[in-house]
Amino acid sequence: MMLFWLILLAGFSLTASLDNGLALTPPMGWLTWERFGCNTDCEHDPKNCIGENLIKAMAHEMVDGGYLEAGYQYVCIDDCWPSKERDSEGRLVPDPKRFPNGMKALANYVHALGLKFGIYEDFGTKTCGGYPGSEFYLQTDANTFAEWGVDLLKFDGCHSNPKDMDAGYEAMSLYLNKTGRPILFSCEWPLYQSGSMTPDYDAIRRTCNMWRDYGDINDSWDSVLNTIGIVAANKFNQSSYAGPGGWNDPDMLVVGDFGLSPDQEKTQFAMWAMFAAPLLMSNDLRSISSVSRELLLNTRIIAVNQDKLGVQGTLLIELSNIQIWNRPILPKGSYAIVVLNRGEGGSAARISVKGQQLGLNDPKGYALVNVFDGSSMGYLTPTGSLELSINPTGVVMFTVTLKQDTTLHFVRYNKT
Ligand SMILES: *[C@@H]1O[C@H](CO)[C@@H](O)[C@H](O)[C@H]1NC(C)=O
Ligand SMILES: *[C@@H]1O[C@H](CO)[C@@H](O)[C@H](O)[C@H]1NC(C)=O
Ligand SMILES: *[C@@H]1O[C@H](CO)[C@@H](O)[C@H](O)[C@H]1NC(C)=O
């Protein structure tokens, strides 16, 4: 009987994830790319160039600023770290001017602060920035990264043929496994295939801990909104492949940079929580505003992102500029809900929505909590109405939990 149930349960579960014990919830950390790009000019811009000083400074900020305590664990270098040539044995070498102590020392430094260390390479002949790629060196590079103490590898796909990626990414995943060091594998495989072919998401989930589905985000509302639109379209049903061990990656958080208003920053953070997305900040933690910092450290929103059920949220209702997203979370029967107003001008949008339209069908009703400030938004029954006001390019986000205790006084939120 027991065996029967196990088999039955297995039949309903997701494709197996990459079996390295990592990314059981979406990875959290910091990544150089969006904010610091391929700045290699350490002579004139020593504080912001891709080098060990930047990584050390950011690692300290992650600890001192409370980010590590909140869950942000990985400090990651993106492109433009290596020398232009491999060494005589074909191994990658970090740029000696910018990483004078080498990568192993830097990884040790990061580890001593309680953080994990991430690095970048590319499946093709060159990286996107023109540095040596891993093609023909997959095993050598996997071994090098393991020797250095790397904990996460972001593996890009410039200068390669998307048709080779199924085999190539699987080979790299195998070589990483063979090193014996658990290394979180962040892939860009579906991004490069999605234009011309249908990515094999079963294979991707078996091979990678996270995967980029579309192009790079940038520090603008257009880019954030565009990304939300692509997730909403869910062209390959990729949302259903997210789960413990493997996640869709809509790219970095630009919260704390220059391009988003305070409402738009809240929107990006709320939506990435709904997407069960990796939370990789790309900002300057040395000079971030306290408003952005507090948002990034919001424990209730992080809890939604990190929810152990691991189900990616989906678009429930779309009406003109209003989108309503929901994400099942624990305890069973609970949801996180975001109402997004994509409209850009004028005044706040006002809507009225019934509990049942939000998928809240238990007649005992639900308790609503605003995740931004932790305040109660009262209770809602399937037939009760919720009235909301949503700022332009902003969101309202709340959790709904089954109201088990029927003796509690019933309050309908904002009854008209
Ligand atoms: C390698 O793969 C095996 C089998 O899937 C798994 O049990 C093991 O934990 C993996 N090791 C690493 C270091 O990822
Ligand atoms: C940022 O992204 C938007 C939306 O995808 C795009 O239209 C714009 O050209 C991008 N800007 C830059 C500087 O790449
Ligand atoms: C998406 O994938 C899930 C899980 O595999 C499946 O149940 C569902 O029918 C799929 N939806 C579409 C539209 O293909």
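The values are calculated or read from the model by the stated rules, or taken from the named source; none is laboratory data. Not measured: the values here are computed from a predicted model. For neighbour counting, all protein chains shown are included, and Cβ atoms are generated from backbone atoms with ideal geometry for every residue, glycine included. Calculation scope for accessible area: heavy atoms of the full protein, side chains included, ligands and nucleic acids excluded. Shrake-Rupley method; radii C 1.70, N 1.55, O 1.52, S 1.80 Å.
Worth pointing out:
- Segment 128-172, residues that are closer than 19 Å to GLU85 by Cβ, assigned to a loop (DSSP other than H, G, I, E, B) and of a type in the set (A, V, I, L, M, F, W, C): CYS128, PHE136, CYS158
- Number of positions in segment 346-369 that are over 12 Å from ILE390 (Cα atoms) and in contact (Cβ under 8 Å) with a residue 40 or more places away in the chain: 9
- In segment 156-165, the residues that are within 14 Å of ASP122 (Cα to Cα) and either in contact (Cβ under 8 Å) with a residue 40 or more places away in the chain or surrounded by fewer than 16 Cβ atoms within 10 Å (Cβ to Cβ) (or both): ASP156, HIS159, ASN161, ASP164, MET165
- Residue list for segment 302-356, restricted to those being of a type in the set (S, T, N, Q) and either open to solvent by less than 20 Å² (accessible area, probe 1.4 Å) or touching a Ser or Thr at 6+ places or on another chain (Cβ under 8 Å) (or both): ASN305, GLN306, GLN312, THR314, GLN323, ASN326, SER334, ASN341, SER352, GLN356
- Residues in segment 198-226 that are polar (S, T, N, Q) and either open to solvent by less than 10 Å² (accessible area, probe 1.4 Å) or touching a Leu at 6+ places or on another chain (Cβ under 8 Å) (or both): THR207, ASN209, SER220.
- Within segment 227-240, being within 14 Å of ligand 2 (Cβ to nearest atom) and open to solvent by less than 40 Å² (accessible area, probe 1.4 Å) holds for THR227, ILE228, GLY229, VAL231.
Here is a yes/no grid of residues against (1) without any contact (Cβ under 8 Å) to a residue 24 or more places away in the chain; (2) within 16 Å of ligand 1 (Cβ to nearest atom):
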position	(1), (2)
ALA167	yes, no
ALA171	no, yes
TYR175	no, yes
ARG181	no, yes
THR207	no, yes
ASP219	no, no
ILE228	no, no
ALA232	no, no
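- Those residues of segment 10-58 which are within 16 Å of ligand 1 (Cβ to nearest atom) and either free of Cβ contacts under 8 Å to residues at least 12 places away in the same chain or charged (D, E, K, R) (or both), in sequence order: ASP19
- Residues that are within 16 Å of ligand 3 (Cβ to nearest atom) and buried (at least 20 other Cβ atoms within 10 Å of the Cβ), drawn from segment 244-262: GLY245, GLY246, TRP247, ASN248
- Members of segment 185-243 that are within 16 Å of ligand 3 (Cβ to nearest atom), among the polar types (S, T, N, Q) and not in a loop (DSSP other than H, G, I, E, B): GLN238, SER239, SER240
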